[in-house]
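Written below as structure tokens is the structure these notes are about.
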Amino acid sequence: MAKLMNAREYEESLRRLKLTVYQFGKRVENVVDDPLIRPSMNAVASTYEYAHRPEYEDILTTKSHLTGEKINRFTHIHQSVDDLVKKSKMGRLMGSLTACCFQRCVGMDALNALSITTHAIDEKYGTEYHKRFLKYLLYVQENDLVCDGAMTDPKGDRSLAPSKQRDPDMFMRVTEELPDGIVVSGAKAHQTGAVNSHEIIIMPTITMREEDKDYAISCALPADAQGITYIMGRQSCDTRKLEGMTFDRGNMFYGGHEALVVFDKVFVPWERVFMYKEYEFTTALVENFAAYHRQSYACKVGVGDVLIGAAQTIAEFNGAEKASHVKDKIIEMNHLNETLFCGCIACAAEGHREASGTYQNDLLLANVHKQNITRFPYEIARLAQDIAGGLVVTCPSEQDLKSPEVGAWVEKYFKGRTDIPTEHRLRILRLIENITMGTAAVGYLTESMHGAGSPQAQRIMIARLVNMKQKQKVARQLCGIDKVDQIR
Amino acid sequence: MRHRQGRSDTLIVGVKYCGGCKAGYDRVAAVDSLKTRLSGVVEFVAPVDAAASLILVVTGCRTACAEIDSADGRPLTYITSAEDAERWAADILRIHS
Ligand SMILES: Cc1cc2nc3c(=O)[nH]c(=O)nc-3n(C[C@H](O)[C@H](O)[C@H](O)COP(=O)(O)OP(=O)(O)OC[C@H]3O[C@@H](n4cnc5c(N)ncnc54)[C@H](O)[C@@H]3O)c2cc1C
């Protein structure tokens, strides 16, 4: 019987994990209540809580194709184009409710990619990866788990293949084969939501060749498996979260996190191994994951919704909302944001069925969407800062506003429209700061740039996927170089 | 139209929302306002409640992508905007009076 956890149950499930987490050089004993990590836990928890709300459940829940039971969509394998479209809508919805990275898409994308690739390997080699995968999927769905999608290796010298690196651990690899499983070592960098996850799904990060076959592995591990250590990444302005619940944190409730995850001789039982040295399937796994994950940047549209709302609000607080250029900038922000939405809906709507029965996005459009994501949020953020004014980077702290000595001056000199409390003005500015250069900018900007692959990765795919021959053929015919083969 | 036993004058309506990814209005506020305006006339329940004789599908936009399996063949009325909600409330009050 599948359980659909709520936020409280999710939090309790995390408390049962025995994770080894380091932050600022010290072991974090209580991960769930750590003030720096907690907002990111809240963001994941919202994917559980909102699944129970009638006004969101249509997007956040669906039926398992394995059991027919109601499950959280974040554990679903897409069974139709409609499922893919709903996934894009879910990204926007959750982004618009949290204004940050809610961390749960990457595991969903790993599951979907594996559902296709395990099937393909079995077709060729008569292996049983797909059967294992489905058993694992059932476990994930029935327990409503968060999976960390762990693809990115540290990679060392970018010009060298895994087997050519001086340090062999620069890419994750198998170090030992045992009768009941394998032993893996290495690390995965930038892992989104790592310490909020119950499971880690490991995938290769690039195409592997025969000489790299020890690196061509995919498997799943419990997040607290022996030998796994998490080293938390820092985010710009992160220690504002240590200042209590002041509005200087910008987003009062939510945030994201990334971590370096180190695997030091970790044992993986065979039933959790989904690819083992079949190096010729690494390209398919990476590309399938990338196509799903590039679609997942639908979330940035939701974050954009909040940023646009904040920009309009500060314009009104400043008394500038009627200026034609301000109105035009808000239009431009919306135009860019909805253009992004077009991309993630289009790649889903043009999706197709794979041999495993899983639905996959249109690869070209997913790459185009992600390429736009590497740019438009930066422009939306620039426009938000333009509208916000310089105070977005110069305003004093909440403590100064509350100070008996200087509070009255902060109140007086940072007032905009007289009917708006100064505190409201400062709060909305802090939110804009948070999204455009604070902790949430990690997700809204730099993750938009590099997450799911740096811009060049999409351009390579775009070049490969467009039908250039057809474009040239028609061009040549219409200008009279070649004979027209169609009736006008 | 079926009515809740013992309260034969009350119309039982199941409310099914879409997921609300880019709602053009506040769907929950619209339903709350219907609940207030139609109090004593309509009882709003979950769409899975078998007592509901009509399903009100409240969607944030005209794409109206809500999954309507739970309607189980019962008649559907779509609300895709705050104006739709107003119109529907007026219709119900007119029929009821
Ligand atoms: C906020 C955030 C969250 C993330 N979350 C996850 C996650 O949950 N799971 C996960 O697996 N990964 C995650 N990633 C990792 C992401 O996929 C990588 O950042 C991305 O693939 C780029 O890798 P890199 O950061 O090592 O940069 P690099 O690969 O070092 O790229 C830097 C630049 O060098 C160029 N470059 C690199 N190698 C070559 C080459 N061989 N030839 C030519 N040019 C090259 C790139 O195009 C780019 O311009 C996340 C990243 C960020 C920033």
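Values computed for the structure shown
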| read-out | value |
| --- | --- |
| Test result for residue A:435, away from the ligand (no atom under 16 Å from the Cβ) and of a type in the set (A, V, I, L, M, F, W, C) | no |
| Top-ranked residue of the stretch A:252-287 - restricted to ones that are among the aromatic types (Phe, Trp, Tyr) and surrounded by 18 or more Cβ atoms within 10 Å (Cβ to Cβ), ranked as farthest from the ligand (Cβ to nearest atom) | A:276 |
| Among residues of the stretch A:334-355, those that are within 14 Å of chain B (Cβ to nearest Cβ) and touching a residue at least 60 places away in the same chain (Cβ under 8 Å), counted | 5 |
| Residues of the stretch A:1-23 satisfying the condition of being in a loop (DSSP other than H, G, I, E, B), in contact (Cβ under 8 Å) with a residue 12 or more places away in the chain and closer than 27 Å to residue A:264 by Cα | A:17, A:18, A:19, A:20 |
| Some residue of the stretch A:312-325 being β-branched (Val, Ile, Thr) and touching a Ser or Thr at 6+ places or on another chain (Cβ under 6 Å) | no |
| Pick from the stretch A:134-163, criterion among the charged types (D, E, K, R) and away from the ligand (no atom under 12 Å from the Cβ), ranking: surrounded by the fewest Cβ atoms within 10 Å (Cβ to Cβ) | A:135 |
| Any hit, the stretch A:205-213, residues being surrounded by 16 or more Cβ atoms within 10 Å (Cβ to Cβ), closer than 29 Å to residue A:296 by Cβ and among the aliphatic types (A, V, I, L, M) | yes |
| Test for residue A:178: is it surrounded by fewer than 17 Cβ atoms within 10 Å (Cβ to Cβ) and within 10 Å of the ligand (Cβ to nearest atom) | no |
| Answer from A:454, A:448 - the residue that is touching a Pro at 6+ places or on another chain (Cβ under 7 Å), near the ligand (Cβ under 9 Å from one of its atoms) and modelled with pLDDT of 95 or more | A:448 |
| Candidate set from the stretch A:183-205 (those that are over 21 Å from residue A:38 (Cα atoms) and within 12 Å of the ligand (Cβ to nearest atom)); member that is farthest from the other protein chains (Cβ to nearest Cβ) | A:187 |
| Test result for residue A:56, in contact with a helix residue (DSSP H, G or I) (Cβ under 8 Å, 6 or more places away or on another chain), away from every other protein chain (no Cβ under 14 Å) and under 30 Å from residue B:67 (Cβ atoms) | no |
| Evaluation of residue A:110 against (1) away from chain B (no Cβ under 14 Å); (2) out of contact with any strand residue (DSSP E or B) (no Cβ under 9 Å at 6 or more places or on another chain); (3) buried (at least 24 other Cβ atoms within 10 Å of the Cβ) (one fails), failing number | (2) |
| Residues of the stretch A:67-82 satisfying the condition of being crowded, with 16+ Cβ neighbours inside 10 Å and out of contact with any Ser or Thr (no Cβ under 7 Å at 6 or more places or on another chain) | A:75, A:79, A:81, A:82 |
| Criterion (within 27 Å of residue A:345 (Cα to Cα) and more than 16 Å from the ligand (Cβ to nearest atom)) met by exactly one of A:393, A:442, A:368, A:410 | A:368 |
| Any hit, the stretch B:27-35, residues being away from chain A (no Cβ under 12 Å), at pLDDT 95 or above, surrounded by fewer than 17 Cβ atoms within 10 Å (Cβ to Cβ) and not in a strand (DSSP E or B) | yes |
| Residue satisfying all of: in the stretch B:9-26; within 11 Å of chain A (Cβ to nearest Cβ) and in contact with a Cys (Cβ under 8 Å, 6 or more places away or on another chain); surrounded by the fewest Cβ atoms within 10 Å (Cβ to Cβ) among these | B:22 |
| Single residue of the stretch B:44-67 satisfying the filter (in contact with a Lys or Arg (Cβ under 6 Å, 6 or more places away or on another chain) and not in a loop (DSSP other than H, G, I, E, B)) that is nearest to the other protein chains (Cβ to nearest Cβ) | B:58 |
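So that you can scan it fast, the table gives a plain yes or no per residue for (1) assigned by TED's automatic domain parsing to the domain that holds residue A:330; (2) under 25 Å from residue A:259 (Cβ atoms); (3) in contact with a Leu (Cβ under 6 Å, 6 or more places away or on another chain):
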site: A:368; (1), (2), (3): yes, no, no
site: A:395; (1), (2), (3): yes, no, yes
site: A:413; (1), (2), (3): yes, no, no
site: A:416; (1), (2), (3): yes, no, no
site: A:426; (1), (2), (3): yes, no, no
site: A:430; (1), (2), (3): yes, no, no
site: A:436; (1), (2), (3): yes, yes, no
site: A:445; (1), (2), (3): yes, yes, no
site: A:448; (1), (2), (3): yes, yes, no
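This table checks each residue for (1) assigned to a loop (DSSP other than H, G, I, E, B); (2) touching a residue at least 60 places away in the same chain (Cβ under 8 Å); (3) small (Gly, Ala, Ser); (4) farther than 15 Å from residue A:369 by Cα.
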position: A:408; (1), (2), (3), (4): no, no, yes, yes
position: A:411; (1), (2), (3), (4): no, no, no, yes
position: A:435; (1), (2), (3), (4): no, yes, no, yes
position: A:438; (1), (2), (3), (4): yes, yes, yes, yes
position: A:449; (1), (2), (3), (4): no, yes, no, no
position: A:459; (1), (2), (3), (4): no, yes, no, no
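The rows are residues; the columns are (1) surrounded by 20 or more Cβ atoms within 10 Å (Cβ to Cβ); (2) modelled with pLDDT of 95 or more; (3) within 14 Å of chain B (Cβ to nearest Cβ).
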residue: A:20; (1), (2), (3): no, yes, no
residue: A:31; (1), (2), (3): yes, yes, no
residue: A:36; (1), (2), (3): yes, yes, no
residue: A:47; (1), (2), (3): yes, yes, yes
residue: A:50; (1), (2), (3): yes, yes, yes
residue: A:85; (1), (2), (3): yes, yes, yes
residue: A:96; (1), (2), (3): yes, yes, yes
residue: A:99; (1), (2), (3): yes, yes, no
residue: A:128; (1), (2), (3): no, yes, no
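The values are calculated or read from the model by the stated rules, or taken from the named source; none is laboratory data. Source: prediction; values computed, not measured. Note that each Cβ is placed from the backbone with ideal geometry, even for glycine, and that neighbours are counted across all protein chains shown.
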